[in-house]
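J.: Starting off with a structure, shown below.
Here, each number is a calculation from the coordinates, and none is a lab measurement. All values derive from a computational prediction rather than experimental measurement. Positions of Cβ are backbone-derived with ideal geometry, glycine not excepted, and every protein chain shown enters the neighbour counts.
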Amino acid sequence: MNKELYKKILVVLIFILLLFVPFGMKKYDEFVNAEFIGNMEEVIERYGFFLEDVTEQLGINFVHQRATVDEKLHHIMPQISSVGASVSVVDFNNNGLQDFYLTNSEFGAKNALYMNLGNGEFIDVAEEMGIADLNIPGLGASMGTIWGDYNNSGYEDLFLYRWGRPELFRNDEGQGFTRVTEESGLPVYFNANTAVWLDYNNNGYLDLFIGGYYHEDVNLFELTDTRMMPDNYEYATNGGLNYLYENQGDGTFIDVSEKVGLHDTRRWTLAAAVVDINDSGYPDIILANDYGVDEIFINQNGERFYNTGQEAGLGFIPKSGMSVDVADIMNQGRFSIYITNISEAGVLMQGNNLWVPTRRSSGEIPSFRNLAGNMGVEIGEWGYGGKFIDLNRNGNMDIYVANGYVSAEPDTDYWYDYARVVGGNRNIIIDANNWPDMQNRTFSGYQTNKVWLNDGAGRFREVAHSVGGALNYDSRSVAYADLFGTGSLDLIVANQHQPVKIYRNHVKPEHNWIGFDLEGVSSNRSAIGATMLLYWDEKISKKYVSGGNGFSSQNMRPVHFGLGLTDAVEKVEIRWPSGITQTIEGPEINQYHRIKEPADQTVHIGTIE
Amino acid sequence: MIDKFRIPPSYIGPLLISAVVIAAHLSFGVLDGWEKFLAALIAAMVTELVLHKLVTGKWRNLSSAYISGNSAGILVRSPMIWPFALTAAISIASKYVFRFRDTHIWNPTNFGIVVMLLIASDSMAVLSIQWGSNMWAMLMIWIVGFFVISKVKLFHVCAVYVLSFLAFAWVRTLFNDSIFLAEIAPLTGPMYQLFVLFMITDPKTTVSTQNGRMFVAFLIALVEMFFRLGEAVYAPFYALFIVGPIALIIDILWQERKEKLAAKDELATPVKI
């Protein structure tokens, strides 16, 4: 009898033990990631940096206004018009100071170009430069911008993508911009949320990749058919086409998308990054697709792109890809890929993806494994811009993630209505008329951005609340720049229908750094696509010059490396898009080096100007 | 040789569900990943083995645990592996803890899912989105499902539930300004296909009479309506979680009473000599 009772008690104890597993894991996680609250000096001492919100101090009062779409979509407008706040960094007048451009989306609301005066002040010069008033009925609403010297003039030109007509502005030696859209041959209408400058055939001229979100036949401002929503939450097949426009070198572009194999699918592309992921010498395209799987398009000798999503290990589990960035997170000379997705407790747990190259990853088709969970960067929330950035200059790439979808009436929630519609058949989900009225309800709103610190040994730790970056706006686009010339990477966070935020990064002074500002000669003048390998402290850090990445954003052009307490660099190797490899032995640290592409393979010693 | 090959009846269920899972995953990628699915399967079978041995001292056929592991592997959605294993383990363990008159009273997977939603909602969710985009695929699953269910004489349960759901969906539109199509949208997704075809028809946790089963199906839809009006995303699971065991206990007691009365009647009946 007693034996039976003991057995029953044992079974009940096992059951209770099982119930306590999540509780125990939560407590362990809280213990390991305990928040540290201290003053700025204490935080810098502990984490190596502190993010100070200096938006007000700088007098920057830009507030994004979302686009007003066709009245047939008014009942779900906050989720339709949930994007458009973007930031891109540029030195548009070549004075060595980092300026930045912000987009607005409501018709009549103006975009802004904040010029850096070098004394800690910024002024909006978009109006006088002719690039402010760009949200216009008939032309569309701004979604983002990228900067690249498409005509190799030595000045960065502006490409603006809209839900509507994209625009190209030629930079007139930093004194103003001339609209050259018509003569450039760019498409007339497009619903784009991402674009990247790249030189896909390495001919020395920048080409344009543009990612389509809504189908290009859908005019969200004069809607003719409400059957324009995704036809499936996981395997949508009715998104916009992706385009590649080839620069002809005479100021015109031609559409080569079909020829190079980019028109095979109609996924809902939200973000793209372009980098030579397989060391072939040609830039490849990595896509974060909403309502679908991630993709890698391998560039085959500048002639064609081959979709390797599944072969590379990415293309199996469909999620909601929102942003993509690439970095060498272990300082091993190999790129990993970070893609943000959606996680909402109890409703939708996708988790972000950190695609890390496997040991057998070599040759034309790379191979990746999602290690976001193992490395601790999986559970964000409703993610948008996810950016690699070495915040504390210790040489390890950290991650900043913008979170939050729609912050409306507090203590309300649209998730129930959303979940029941997206669970339905395509004939229901595809029609906006079937989507319940949002009625000013919050939808994954008031979420806090994440700051994940990389320990260099394969683990990241979330410290946003400790280091000053815990913003709970509906953040979208994130870019970094050395705004104050201190060698630290400051953050600009564009927020949807909310004010922009600028964070000055105060870094531990003992942490060294080095920066490189490249100028192509045989390669495109912006040097977009150049890869750099920094040899230091028995490590190899790999970075590249980007023509736009993350979510609707672009970082500063110079390539920046943190060095921690290391006080010397062995060498840096630059692989220019032209194929030329340049090596610089022992460059000076704690300064930017301006490097012009040599005529052939060279080795330099010391500082290069 | 072929004549000698016979599939034991207890393996037909597991083989059937395996075929469905493999076909669904290869066609629509329904699983979150094979490793997660395997974690659920292994956890279910190990828990069953250990607990059954502990309680009875004997090893047990694992077909039932295999089916529960499959259900947890399909229904749980999480970027992590442990929620899959834990859901399966809790599902199986519940059978040994919550018993009435020596029978378990909750559908194990329903119990596991609901408890996990209560204790680990920040780490997991439940399958709530559709697989594939094809209307015909959905219809085919319903047709095959209903065919199989009618073979085991439980079609009436599904039919009453679906009809009740449709009726209550219309009732909900009177309260929440929603259109009828939005209200019935979940019924067209895979979560409901699994719920209707496999969960509410679980023979171990359904009542004994046909009328009783139909009434319980109606009650589940009714309780679900209230959860839906309260905007609970996983309303059907909560409804079954509440209605299922209550109905089963009442049914068992009712049957006992009937047996007692019958026995009494038998005793009271005069014996003819």
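J.: If each residue's Cβ is checked for other Cβ atoms within 10 Å, how do B:ILE92, A:ILE430, A:ILE286, A:ILE540 rank with the fewest at the top?
T.: Exposure proxy ranking, most exposed first: A:ILE540, A:ILE430, A:ILE286, B:ILE92.
J.: Using θ = phi - 60° and the Karplus form 6.51 cos²θ - 1.76 cosθ + 1.60, what ³J(HN,Hα) does each residue of the range B:151-168 get, whole Hz, x for Gly and Pro?
T.: 3J(HN,Hα) across the range B:151-168, in whole Hz: 5, 9, 6, 10, 4, 4, 5, 5, 4, 5, 5, 4, 5, 5, 4, 4, 5, 5.
J.: Mind checking the mean number of beta-carbon atoms from other chains within 10 Å of the Cβ atoms in B:46-56?
T.: Mean inter-chain Cβ contacts per residue within 10 Å come to 2.
J.: Sort out for me the Cα centre separation of the range A:109-184 from the range A:200-261, rounded to whole Å.
T.: Using only Cα atoms to place each centre, the spacing works out to 21 Å.
J.: Quick check: pseudo-label points 7 Å beyond the Cα along Cα→Cβ at A:GLU222 and A:VAL521, how many nm apart are they?
T.: Taking the two extended label points, one gets 5.2 nm.
J.: By average Cβ neighbour count within 10 Å, what is the ranking of A:28-41, A:167-180, A:340-353, A:566-579 from highest down?
T.: Descending mean neighbour count gives A:340-353, A:566-579, A:167-180, A:28-41.
J.: Please name whichever of A:GLY351, A:SER362, A:HIS465 sits farthest to the positive end of the charge dipole of the range A:347-473, dipole taken about the Cα centre and charges placed at Cβ: Lys and Arg +1, Asp and Glu -1.
T.: Final value for the positive-end residue is A:SER362.
J.: For the range A:68-184, what value does the Rg/Rh ratio take when both radii are computed over Cα atoms and Rh is the Kirkwood radius, given to two decimals?
T.: Looking at the range A:68-184, the ratio lands at 1.01.
J.: Please arrange A:PHE20, A:PHE50 by how many other C-beta atoms lie within 10 Å of their C-beta, fewest to most.
T.: A:PHE20, A:PHE50
J.: As a quick test, which of the pairs B:LYS53/B:LYS153; B:LYS53/B:LYS204; A:LYS387/A:LYS539 have an alpha carbon distance above 30 angstrom in this structure?
T.: B:LYS53/B:LYS153
J.: Separate question: How far apart, in nanometres, would the label points at B:LYS151 and A:TYR28 be if each is projected 7 angstrom from Cα along the Cα-to-Cβ direction?
T.: 4.4
J.: If you don't mind, there's one more thing I want to ask. Computed FRET efficiency, Cβ-Cβ of B:TRP34 and B:ASN61, R0 25 Å: what is it to the nearest 0.05?
T.: Approximately 0.55, to the nearest 0.05.
J.: For the range B:92-199, how big is Rg over Rh, using alpha carbon atoms and the Kirkwood form of Rh?
T.: 1.02
J.: Still on this structure, I have one more. For a test of the definition: using alpha carbon positions, the gyration tensor, and the 1.5 limit on a/c, classify the range A:285-344 as rounded, prolate or oblate.
T.: Because a/c hits 1.5 or more and a/b fails to exceed b/c, the range A:285-344 counts as oblate.
J.: What FRET efficiency comes out for A:PHE316 versus B:LEU139 if R0 is 30 angstrom and r is the Cβ-Cβ distance? Round to the nearest 0.05.
T.: Working from the Cβ atoms, E equals 0.70.
J.: Right, another one. Under 17 Å between alpha carbons, and skipping anything fewer than 8 positions from B:LYS258 in its own chain: which aspartates and glutamates qualify?
T.: B:GLU266
J.: State the Kirkwood hydrodynamic radius of the range A:185-341 in Å, one decimal place, computed from all pairs of distinct Cα atoms.
T.: 16.0
J.: Can you give the net charge of the other residues whose Cβ lies under 13 Å from the Cβ of A:TYR418, counting K and R as +1 and D and E as -1?
T.: -3
J.: For peptide B:108-115, what's the mean number of Cβ atoms from other chains within 10 Å of each residue's Cβ?
T.: The mean count of partner-chain Cβ atoms within 10 Å per residue comes to 0.
J.: Quantify how strongly other chains surround peptide A:428-436 by giving the mean number of their Cβ atoms within 10 Å of each of its Cβ atoms.
T.: Taking all residues of A:428-436 together, the mean is 4.
J.: If you don't mind, there's one more thing I want to ask. Let me know the shape class of the range A:359-428, please: from the alpha-carbon gyration tensor, a ≥ b ≥ c as square roots of the eigenvalues, rounded when a/c is under 1.5, otherwise prolate if a/b is greater than b/c, or oblate.
T.: Since a/c reaches 1.5 but b/c is at least a/b, the shape of the range A:359-428 is classed as oblate.
J.: Filter chain A for me: DSSP H helices, axial length by Cα at least 15 angstrom, mean Kyte-Doolittle hydropathy not below -0.5. List them by residue number.
T.: Qualifying helices: A:2-19, A:21-32.
J.: Taking a cut-off of 26 Å, what percent of all Cα-Cα pairs in the range B:8-268 are separated by more than that?
T.: 43
J.: At 222 nm, what value in deg cm²/dmol follows for the protein assembly as shown if DSSP H runs of at least 4 each add -39500 (n - 2.57) and the sum is divided by all its residues, to the nearest 500?
T.: Result for the protein assembly as shown, helices only: -9000 deg cm²/dmol.
J.: Treating only the Cβ of Lys, Arg, Asp and Glu as charged (+1, +1, -1, -1), what charge dipole size does the protein assembly as shown show about its Cα centre? Round to the nearest 20 debye.
T.: 5820
J.: Moving on. Using only alpha carbon positions, build the gyration tensor of the range A:119-241, then give the equivalent ellipsoid semi-axes as the square roots of 5 times its eigenvalues, largest first, whole angstrom.
T.: Output for the range A:119-241: semi-axes of 29, 18, 13 Å.
J.: How many percent of DSSP beta bridges within the protein assembly as shown run antiparallel, rounded to 5?
T.: Counting only bridges with both partners in the protein assembly as shown, antiparallel ones make up about 90 percent.
J.: Ranked by Cβ crowding within 10 angstrom, fewest neighbours first, how are A:LEU391, A:LEU117, A:LEU533 ordered?
T.: Going from sparsest to densest Cβ surroundings: A:LEU117, A:LEU533, A:LEU391.
J.: Would you mind pulling out the separation of the Cα centroids of the range B:169-245 and the range A:356-396, in Å?
T.: First find each Cα centre; the distance between them is then 41 Å.
J.: Of the listed peptides B:50-59, B:237-246, what is their order by residue-averaged count of other C-beta atoms within 10 Å, with the highest listed first?
T.: B:237-246, B:50-59
J.: Classify the range B:213-273: rounded, prolate or oblate, from the alpha-carbon gyration tensor (a ≥ b ≥ c, eigenvalue square roots; a/c under 1.5 rounded; otherwise prolate if a/b is larger than b/c)?
T.: The shape class here is prolate.
J.: With labels modelled as points extended 7 Å from the Cα through the Cβ direction, what inter-label distance (nm, one decimal) is found for A:SER280 paired with A:ASP264?
T.: Placing both labels 7 Å along Cα→Cβ, they lie 1.2 nm apart.
J.: Charges at C-beta only: +1 for Lys and Arg, -1 for Asp and Glu. How large is the resulting dipole of the range B:8-268 about its Cα centre, in Debye rounded to 20?
T.: Roughly 620 debye for the range B:8-268.
J.: Let me ask you something else. Determine the alpha carbon to alpha carbon distance for each of A:LYS110/A:LYS543; A:LYS26/B:LYS36; B:LYS36/B:LYS95; A:LYS450/A:LYS542 and list only those over 28 Å.
T.: Long pairs (Cα-Cα over 28 Å): A:LYS110/A:LYS543.
J.: Express in % the proportion of alpha carbon pairs of the protein assembly as shown at distances exceeding 49 Å.
T.: Here the long-distance tail beyond 49 Å is 26 percent of all Cα pairs in the protein assembly as shown.
J.: So if R0 is 41 Å, what FRET efficiency would B:ILE246 and A:ARG459 give, r being the distance between their Cβ atoms, rounded to the nearest 0.05?
T.: 0.30
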